[in-house]
Amino acid sequence: MEFTLKTLIFYGFALLTVASGIVVVTVRNIVHAAFSLMVTLFGVAGLYVFLQADFLAATQVIVYVGGILVLILFGVMMTSGRLEMRIHIERGQLLLGAVVAIALLMLLLAVIANTPQWKNVADDGTQLQPTTESIGTLILNGQFLLPFEVVSVLLLVALIGAALISRKEVRE
Amino acid sequence: MMAACDNVASGSGKTMFFAEGALSNPLGPYRRMGLPLNVLLLSSIVKILIIAHLLLIGVMAMIWAERRISGWMQDRLGPNRVGFQGLLQPIADGIKFLLKEDLIPNHVDKPLYVLAPAMLLIPAMLTIAVVPFGGSIEIAGHTIPLQIADINIGILYILAITSLGVYGVVLGAWASNNKYSLLGGLRSSAQMISYELTLGLAIIGVLMLTVVEQGGSALSLREIAKSQGKNLWNWNFLIHFPAFLAFTTAMFAETNRLPFDLAEAEQELVAGYHTEYSSMKFAMFFMAEYMNMIVGSAVTVTLFLGGWHFFGLENVGGPILSGLISFGIFFAKTAIFLFVFIWVRWTLPRFRYDQLMNLGWKFLLPVALSSIVVTGFLWVTTDGNKLLIGIGNVVAAFIVISVVGGLLVMNKPPEVSTPEIAGLDTLESEGSS
């Protein structure tokens, strides 16, 4: 693999993702961890771009970085505005986390070992194609229509449920 | 042209740092428009330099304009001492900010406190990259599009980058370790999340009617501006009038401008999220606000006001002159829209928090949704008659607002007047109405 600007950017994003991921799990301050998670998610979005998934990359930033993580921060700020907010880690959590992490690593190693040939999308010279239109067509033209609708209904149910739970009691 | 350049590049490109393909935009095919690699590089750098500086000068001009126009609207003069008509006032302000002591209070969370202003400023600058600020210009036989990057997910890029802006506010507010800052940050993040939805949904109708040529993407801002054509009656703000209003309102909320500036309401929260900031860090928050306004105006002009088109004026003159004229048209439209920002500031009083949430969730969001449904329905049934779609959108928005308003009035919770907690009850019933 020859050394191009693209390779450099790819490794930059990879380093960003891994380094900030390590910070997320090691730092004890919850807001610092959340901010670090933002960098991780942003780095993952960058890696999506290298997988030719332009739509997914943008959606990743909109949904995870711009939506979910802001809500997490919002929750943290609502519950505790203090700077000395610390995460308490118990031994059980540590053990469970290690088990999950090792299992995931094994799974990924198995996939890496069983893949006959690796091809770097960024370097094979083909023009990247926009994916938005094909994703839209696949979702709405039948093939993935049912899963899409099921997910939509699920989200709607969650939305209504959240609104119901957070609702104030109406006095009679 | 392109084939020749590809041959040259493939001959020597393998060992070069800028190998062929290394610069094809990772976000999908960059429409190179037949530009050789070196021309593409050079023109991109020149465009980035010009636009970045225009943006910064624009911020200065906006600060001056805001103070002078505010003065004019309030029947006073405003700053007019420094330079001709006070034009050098922003420079004096800038020097003052730079020379002031860079105070970092002891009780703050230092890394995030320092990072927060940059987290607000960077997204504000990044957004302009995909906005087409003119047609194209012809220099030395090359047709150069007046846009930094024409990526095929332009709209999604804008929504994504805009959603990053909230971090500067939230982290700055939290890192300040001050209750006024925190309250401001909470208000601001809730507001930005609520209005982001409207911002995204209001664009869908526009995307539906965007006609692109083969190989183009309807999410590219250049294609959206192009498909609106040169005549006023084809521009999106007439066809999608309710969506245009919803989008503009959401844009005001996203930029934290009056009447949506609850995050920095000075009567209640000192200065909100930037209470603890001074000198250049405060100036960065300040600049980011104006930069967001400029970029927001530019995006609105592109999506709804026909971009660089104006009754064919953009085609007058030679290949260079027409490019400059199209840029001038875009510039003028953006400037007019920026005037509206200032105008609204001195016209509408600040909303109360519950009014803000009601407006966002109960009126703007349904209007944006109705615009999608009606546009889609009429697009299919009337064979794309834009006049009918425009009328249908307005009628639907009117019905939606009437129904929602009626429901709100009918379901108003009964007032409870227990003497001990009367004050509390009034507050709560206002909050839920």
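All of B:L269, B:L258, B:L221 fail the test of being touching a Ser or Thr at 6+ places or on another chain (Cβ under 6 Å), modelled with pLDDT under 85 and either buried (at least 17 other Cβ atoms within 10 Å of the Cβ) or more than 12 Å from every other protein chain (Cβ to nearest Cβ) (or both), apart from B:L221.
Counting the residues of segment B:147-160 that are more than 7 Å from every other protein chain (Cβ to nearest Cβ) and either modelled with pLDDT under 80 or part of a loop (DSSP other than H, G, I, E, B) (or both) gives 5. If the condition is being more than 8 Å from chain A (Cβ to nearest Cβ) and aliphatic (A, V, I, L, M), then segment B:176-191 contributes only B:L183.
Here segment B:166-182 is the region considered, the condition is being in a loop (DSSP other than H, G, I, E, B) and in contact with a Ser or Thr (Cβ under 9 Å, 6 or more places away or on another chain), and the residue that is modelled with the lowest pLDDT is B:N178. Taking B:P90 as meeting all but one of (1) out of contact with any Phe, Trp or Tyr (no Cβ under 8 Å at 6 or more places or on another chain); (2) touching a residue at least 12 places away in the same chain (Cβ under 8 Å); (3) not aliphatic (A, V, I, L, M), write down the number of the exception. With (1) out of contact with any Phe, Trp or Tyr (no Cβ under 8 Å at 6 or more places or on another chain); (2) touching a residue at least 12 places away in the same chain (Cβ under 8 Å); (3) not aliphatic (A, V, I, L, M) applied to B:P90, the lone miss is (1). In segment A:5-12, is there at least one residue being under 26 Å from B:G184 (Cα atoms) and of a type in the set (K, R)? Among the residues of segment A:5-12, not one is under 26 Å from B:G184 (Cα atoms) and of a type in the set (K, R), which makes the answer no. Could we say that B:S163 is under 21 Å from B:E264 (Cβ atoms), touching a helix residue (DSSP H, G or I) at 6+ places or on another chain (Cβ under 7 Å), more than 8 Å from chain A (Cβ to nearest Cβ) and assigned to a helix (DSSP H, G or I) here? For B:S163, the condition - under 21 Å from B:E264 (Cβ atoms), touching a helix residue (DSSP H, G or I) at 6+ places or on another chain (Cβ under 7 Å), more than 8 Å from chain A (Cβ to nearest Cβ) and assigned to a helix (DSSP H, G or I) - is not met. Scanning segment B:56-101 for residues that are small (G, A, S) and outside any helix (DSSP H, G or I) yields a total of 2. Annotation note: of B:S176, B:S194, the sole residue that is in contact (Cβ under 8 Å) with a residue 12 or more places away in the chain, surrounded by fewer than 23 Cβ atoms within 10 Å (Cβ to Cβ) and polar (S, T, N, Q) is B:S194.
With respect to A:I68, is the statement that it is surrounded by 14 or more Cβ atoms within 10 Å (Cβ to Cβ) and under 30 Å from B:V130 (Cα atoms) true? Here the answer is no, as A:I68 does not meet what is asked.
The values are calculated or read from the model by the stated rules, or taken from the named source; none is laboratory data. Computed from a predicted model, the values in this text were never measured in an experiment. No Cβ is skipped: glycine too gets one built from the backbone with ideal geometry, and neighbour counts run over all protein chains shown.
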